[in-house]
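The values are calculated or read from the model by the stated rules, or taken from the named source; none is laboratory data. Just so you know, these numbers come straight off a predicted model, no measurement behind them. Note that each Cβ is placed from the backbone with ideal geometry, even for glycine, and that neighbours are counted across all protein chains shown. Ligands, DNA and RNA are excluded from the accessible area calculation, which covers all protein heavy atoms including side chains. Shrake-Rupley method; radii C 1.70, N 1.55, O 1.52, S 1.80 Å.
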Amino acid sequence: MNTPKTAEELAEEARRQEREARPLEPDAERRVALRRPVLEYAEEFLERLPRTPVYRSAKEPAAELRAHPFPEEGPLPRPGADPPRLHELLDLFDRSVAEPGLNPAHGGHVGYIPGGGIYTAVLGDYLAAVTNEYAGVRFAGPGAVEMENHVISWMAEMVGYPGDAAGNLASGGSIANLIAVVTAREAAGLRAPDYPRAAVYLTDQVHHCVDKALRIAGMGECVIHRVAMDSRRRMDPEALARQVAADRQRGLVPWMVVASAGTTDVGAIDPLDRLADVAEAADLWLHVDGAYGAFFMLCEEVRPKLAGIERSDSVVMDPHKGLFLPYGLGAVVVKDREAMHRAHHYRAAYMQDAHAEAAGRPVDSPAELSPELTKHFRGLRLWLPLMLHGVAPFRAALREKLLLTRYFQRRVAELGFETGPEPELSVATYRWVPEEGDPDAFNQALVEALHADGRIFVSSTRLDGKFVLRLAVLSFRTHLETIDRALGILEEKVAALEGHPGRWREAES
Ligand SMILES: *Cc1c(COP(=O)(O)O)cnc(C)c1O
């Protein structure tokens, strides 16, 4: 190819490339042809959901994907006909992605906390992608930024924060916790030489992403205290106060308390009000990881257990958990907007128009309050469902989950399972103690049998060294019928294992 030199040559070559790039901009007719099979697949996926297994173990689903290299050119679409390859690719997606492993859209997914995908949020994502609105900086996307901040204000108000609180819609709870940790670090004015003396207080039940966030924030060398818990795995405020006092004595700098509002393992809520007393007295940053539990603020009956959350400095709450959104939205709210801004602001010459526009107003651009610049417009996927459905159906769905968990706990105890204390939120733990033999081996075999069966997906954990099963109810598609089915399957698998001890006894030792 000759290198174009004159303006005419450049123009001619640009036109040629434009023609070649044209598949990237299908016309209206082709858009219909592209959309139809995708929507048909999505409909079929949803319609057959109740009849599909929730879990299918698969060893090598990626092998087939890797066997399809990206072609240099796609086949040319014919006007009016379905686009070639799309059906084939949807089949490949179905076999290689939708089928293997866990199906988190399924109501039978009661293994882990997140599992959502409400349809109106899906439509919000579609519009966010089509319009590609920019929600990073107010100057460029005033409406998108306003919408995100409107949603954040709603959450801040829910946890009892004042009207000038700030926040961010991040990709998930892990990043939201990281933003809170970095904000707390800057608020305390800590610098690298201070880290080995800075003390953090949390429990053994804190989500691992908090440890990860501390490490990513460069604070891996800070002093991390695992504060003692009560019998229900909640942080003991007196133990916290003692530890803080001892640390001061030793010349450490007590810095941050990370409380959990709904632990992942058992759904325990730390005593936030009493922790706030300690944090206030000692001038510590109180962060509440409510990724799982904070949206239960919508339920009046849970609010007393979350009392004190309004006294915290920052809260993480995950709409892709508690509001059943598709994966990709975890939020953080911070009481002190300035602290959040100090931790994340930046200056760049090529951003000078945006900086000028923002002068003199409270900072509210996500790019100044988070690590991201260009980002997915996450506000719309939450705003649209809230506006369309109102808050009441979300509250009802959360309340349903609480009731289902307690119902399960009663019924599973009636079947003869050993159960934990009454669930505080929507996680129940239970295990079968066999007539003879090692209960750990039995329950391990039980969870494996459930996974192999695939009609219901529960998970397992260890509590006080014992192998226990978990039921985590937080899918908007999990209903009474699902729980009854789970109970029936549990009963069936226990009978099968008790009747054939050989199937699990050899796993002992
Ligand atoms: C799920 C969870 C997280 C992590 O959130 P992601 O959205 O998975 O990144 C953090 N803390 C708690 C308590 C959680 O339940």
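Things to note:
- Screening segment 187-304 for strands (runs of 3 or more DSSP E) wholly inside it with 2 or more residues that are surrounded by fewer than 24 Cβ atoms within 10 Å (Cβ to Cβ) and not basic (Lys, Arg) returns the ranges 198-202, 223-226.
- When segment 299-335 is filtered for residues that are within 14 Å of the ligand (Cβ to nearest atom) and among the aliphatic types (A, V, I, L, M), the ones remaining, listed by number, are Leu306, Ile309, Val315, Val316, Met317, Leu323, Leu325, Leu329, Ala331, Val332.
- Residue, farthest from Val130 (Cα to Cα), within segment 1-28, restricted to residues that are of a type in the set (Asp, Glu), open to solvent by 80 Å² or more (accessible area, probe 1.4 Å) and under 51 Å from the mean Cα position of the chain (by Cα): Glu12
- Considering segment 322-396, the qualifying helices (runs of 4 or more DSSP H), each wholly inside and each with 3 or more residues that are over 30 Å from Arg477 (Cα atoms), run over 337-344, 352-358.
- Annotation note: Cβ proximity below 7 Å between a residue of segment 239-256 that is without any contact (Cβ under 8 Å) to a residue 40 or more places away in the chain and a residue that is surrounded by fewer than 18 Cβ atoms within 10 Å (Cβ to Cβ) (sequence gap 6+ or interchain) occurs for Ala239/Ala228.
- Condition broken by Pro366, with the remaining ones in (1) over 13 Å from Gly167 (Cα atoms); (2) within 31 Å of the chain's Cα centre (by Cα) satisfied: (1)
- Among residues that are closer than 23 Å to Gly116 by Cα, of a type in the set (D, E, K, R) and either in contact with a helix residue (DSSP H, G or I) (Cβ under 8 Å, 6 or more places away or on another chain) or without any contact (Cβ under 8 Å) to a residue 60 or more places away in the chain (or both), Arg477 is included.
- Only one entry in Ala358, Ala348 is at pLDDT below 95 and surrounded by 17 or more Cβ atoms within 10 Å (Cβ to Cβ), namely Ala358.
- Unmet requirement for Glu338, which otherwise passes all of (1) modelled with pLDDT under 95; (2) over 16 Å from Ala156 (Cα atoms): (2)
- Count - residues of segment 466-476 that are open to solvent by less than 20 Å² (accessible area, probe 1.4 Å) and within 21 Å of the chain's Cα centre (by Cα): 6
- Qualifying residue in segment 368-387 (condition: among the basic types (Lys, Arg) and either closer than 21 Å to Pro104 by Cβ or surrounded by 22 or more Cβ atoms within 10 Å (Cβ to Cβ) (or both)): yes
- Some residue of segment 477-487 being of a type in the set (Val, Ile, Thr), open to solvent by 60 Å² or more (accessible area, probe 1.4 Å), outside any helix (DSSP H, G or I) and modelled with pLDDT of 95 or more: no
- Pair list, Cβ under 8 Å, 6 or more apart: segment 1-21 residue farther than 19 Å from Glu73 by Cα, other residue open to solvent by 100 Å² or more (accessible area, probe 1.4 Å): Pro4/Glu12; Glu9/Asn2
- Unique residue being modelled with pLDDT of 90 or more and over 26 Å from Glu88 (Cβ atoms) when the list is Glu40, Glu12: Glu12
- Screening Glu310 on (1) part of a strand (DSSP E or B); (2) in contact with a Phe, Trp or Tyr (Cβ under 8 Å, 6 or more places away or on another chain) shows it passes everything except condition (1).
- Within segment 24-57, the residues that satisfy the criterion of being out of contact with any His (no Cβ under 6 Å at 6 or more places or on another chain) and part of a loop (DSSP other than H, G, I, E, B) are Glu25, Pro26, Asp27, Thr52, Pro53, Ser57.
- Just one of (1) farther than 30 Å from Arg477 by Cβ; (2) free of Cβ contacts under 8 Å to residues at least 24 places away in the same chain fails for Val130. It is (1).
- If you go through segment 80-122 and keep only what is in contact with a strand residue (DSSP E or B) (Cβ under 7 Å, 6 or more places away or on another chain) and open to solvent by 30 Å² or more (accessible area, probe 1.4 Å), you end up with Glu99, Leu102, Tyr112.
- Considering the conditions (1) open to solvent by 30 Å² or more (accessible area, probe 1.4 Å); (2) closer than 13 Å to Phe377 by Cβ, Gly141 is excluded by exactly one of them, (1).
- Among the residues of segment 144-172, the ones that are assigned to a helix (DSSP H, G or I), open to solvent by less than 20 Å² (accessible area, probe 1.4 Å) and more than 16 Å from the ligand (Cβ to nearest atom) come to 6 in all.
- Filter pass, Ile175 being in contact (Cβ under 8 Å) with a residue 24 or more places away in the chain, within 16 Å of the ligand (Cβ to nearest atom), closer than 21 Å to Asp336 by Cβ and in contact with an Asp or Glu (Cβ under 9 Å, 6 or more places away or on another chain): yes
- Filtered residue count, segment 83-130, keeping only those that are out of contact with any Leu (no Cβ under 9 Å at 6 or more places or on another chain) and either in a strand (DSSP E or B) or of a type in the set (Asp, Glu) (or both): 6
- Near pairs, Cβ below 8 angstrom, 6+ apart or cross-chain, from segment 316-335 (touching a residue at least 60 places away in the same chain (Cβ under 8 Å) and open to solvent by 10 Å² or more (accessible area, probe 1.4 Å)) to any residue that is hydrophobic (A, V, I, L, M, F, W, C) and more than 10 Å from the ligand (Cβ to nearest atom): Lys321/Phe295; Pro326/Ile118; Pro326/Ala121; Pro326/Val122; Lys335/Ala165
- Looking across Glu436, Glu422, one residue alone is at pLDDT below 95, open to solvent by 30 Å² or more (accessible area, probe 1.4 Å) and within 29 Å of the chain's Cα centre (by Cα). It is Glu422.
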